Structure formats: structure tokens, C-alpha cells
Amino acid sequence: MSEAAWAARAWMLDLDLTPLGERPEAFNANTEALRREYAHLSDQAWNQGRAAFLRGIAATPRLFRTPVLHTAFEPQARANFARDLARAPSHKNPRPLCFFSQNTPCIHRQSNLNN
């Protein structure tokens with residue numbers, strides 16, 4: 001992949017993540033919209049899946065690849081994750097569930113986009 005193509009791809013990937021780094025009010029509104037979209041999940045399944053997603057993404061060393069969006073959104077995204085995880089309900093079975101089926105465990109893979 002050319003350097004220009006990689007830069008364009010990194011920009012698009014970062015733009016997709018910007019809602020995670022919005023002000024708390026916007027982040028919360030987006031979370032509520034997502035919850036409505038996944039209304040077929042029980043509250044327990046939603047909370048488990050969301051907490052697993054937040055823990056996984058919060059564990060990444062750097063969310064945004066482009067310097068501009070990293071500077072603009074990363075600190076608030078991390079604060080949003082920490083705030084939501086601090087108030088997330090605790091569950092005996094923390095295994096993440098896929099949003100497609102309440103009975104299907106999710107498979108999480110980290111991939112290197114440089115490949």
C-alpha cells in the first residue's frame with residue numbers, strides 16, 4: 001500500500017472513531033442511540049458487551065493514528081471510557097457477547113493495519 005493510500009485509510013479509520021472522543025453529553029447520547037439500535041439484547045448482555053468493548057479499546061496504546069485527530073479526540077475518549085467503566089455494572093460472567101446473538105461469544109482480534 002502506498003504512503004498516500006495508508007494516510008487516507010488512517011484518516012478514514014480515525015474519523016470513524018471520533019464519536020468516542022466527543023464531550024460527555026454527546027458520547028452519552030451516542031451510547032443511548034446505540035442501546036436503542038441493540039434493543040434486542042437484554043440489559044445484562046448489553047452491559048457485558050459494552051464493558052468488554054470499552055475495556056478492549058481502552059487497552060490499546062493509541063486509538064487515533066493521525067496526529068491531528070489523536071490530539072483532538074484521544075484525551076476525551078480515554079476519559080469517556082474511564083467514566084463509563086467506573087460505573088459499569090459488575091457481572092459474574094464477563095465474557096463479551098456478540099451483538100448479533102445473545103448466545104454467541106465474540107471473537108476479538110487485534111490486527112496490524114500496516115500489513
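Specify which of the listed residues (17, 63) is surrounded by 16 or more Cβ atoms within 10 Å (Cβ to Cβ) and touching an Asp or Glu at 6+ places or on another chain (Cβ under 8 Å).
63 is the lone residue from the list that is surrounded by 16 or more Cβ atoms within 10 Å (Cβ to Cβ) and touching an Asp or Glu at 6+ places or on another chain (Cβ under 8 Å).
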Between residues in the stretch 1-14 that are touching a residue at least 24 places away in the same chain (Cβ under 8 Å) and residues that are of a type outside the set (Gly, Ala, Ser) and exposed (fewer than 10 other Cβ atoms within 10 Å of the Cβ), which pairs lie under 9 Å by C-beta distance while being six or more apart or on different chains?
6/114
Looking across the stretch 40-60 at residues that are among the small types (Gly, Ala, Ser) and either within 13 Å of the chain's Cα centre (by Cα) or part of a helix (DSSP H, G or I) (or both), the single one that is surrounded by the fewest Cβ atoms within 10 Å (Cβ to Cβ) is 59
Verdict on residue 111 being modelled with pLDDT under 95, hydroxyl-bearing (Ser, Thr, Tyr), under 27 Å from residue 3 (Cβ atoms) and loosely packed, with under 10 Cβ neighbours inside 10 Å
yes
Kindly list, by first and then second residue, each pair from a residue in the stretch 20-40 that is touching a residue at least 12 places away in the same chain (Cβ under 8 Å) and under 16 Å from residue 53 (Cα atoms) to a residue that is of a type outside the set (A, V, I, L, M) and part of a loop (DSSP other than H, G, I, E, B), limited to pairs with Cβ atoms under 7 Å and residues at least 6 apart or on different chains.
38/99
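The values are calculated or read from the model by the stated rules, or taken from the named source; none is laboratory data. Here the structure is a predicted model, which is why all the values come from computation and not from measurement. When we count neighbours, we look across all protein chains shown, and the Cβ atoms used for this are built from the backbone with ideal geometry, even at glycine.
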